[in-house]
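Here's the structure we're looking at; comments come further down.
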Amino acid sequence: MTVKILVGLGNPGVEYERTPHNMGFMLVDCLAERLECKLKASSKFDAFVGSTVYGGEELILVKPQTFMNNSGRAVGAVLNYRKLSPVDLLVVVDDADIPLGTLRLRKKGGAGGHRGLASINEVLGTTEYARVRVGIGRGATCDDLVGHVLGKFGREEWAVVQKTIGETAEAVQVILEKGMDFAMNRFNARQENPAGLGDETAGGKKQ
């Protein structure tokens with residue numbers, strides 16, 4: 001049986017719940033509920049980890065508890081323990097450079113300024129692992145990115161986030177079932193502002 005590792009990035013603690021930087025955590029929670037997979041705290045990996053079988057393959061769900069800047073530590077520990085390589089890894093992460101509600105699937109790539117991805121890249125020594133970037137935009141003012149990614153979503157935004165997390169879970173399932181190429185052709189075509197929000201809210205220009 002082959003094994004796949006799905007990692008959602010975020011920050012631990014109730015103060016970071018429902019914040020843009022925790023889109024990865026929200027995705028893992030959503031998928032764990034769909035697949036009836038219980039996540040348990042693991043001191044060995046410094047993460048919440050759960051294991052299930054999906055499509056005849058073992059799927060390991062991971063939420064690092066190292067805080068975003070040290071995400072690579074937990075990811076590397078899981079891969080090393082299971083004797084897996086980056087090709088077995090799929091990371092779900094927030095992206096401030098694309099509008100809220102937009103997804104971008106990639107087979108590989110740089111960190112793009114995201115410290116969670118930068119940490120993983122440093123620990124693994126490669127950028128060649130798959131990732132799903134979930135758009136969060138840059139907020140209404142675009143001049144306080146840290147405040148935006150760590151601030152709570154507004155009511156209108158939260159409705160969009162819930163829909164987006166469902167779509168992201170669907171994208172991950174398609175990746176697992178039919179491969180990244182098929183999923184990229186399907187989901188990367190949705191580039192316009194699907195949230196129906198103005199650019200000042202969704203963040204940046206349309207992609």
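Taken together, the values in this text are just the output of simple stated rules run on the coordinates, not laboratory data. What you are looking at is a predicted structure, and each value in this text was computed from that prediction instead of being measured.
Projected onto their three principal axes, the Cα atoms of the range 3-202 cover extents of 45, 33, 31 Å, largest first. Against the chain, whose longest principal axis comes from its Cα atoms, helix 23-34 is set at around 60 degrees. Pairs from the list LYS38/LYS108; LYS44/LYS178; LYS63/LYS83; LYS4/LYS83; LYS40/LYS83; LYS107/LYS152 with a Cα-Cα gap above 23 Å: LYS38/LYS108; LYS44/LYS178; LYS107/LYS152. With Cα atoms as the point set, the range 1-64 shows a radius of gyration and Dmax of 11.8, 39 Å.
The long axis of helix 115-124 is offset from the longest Cα principal axis of the chain by roughly 20 degrees.
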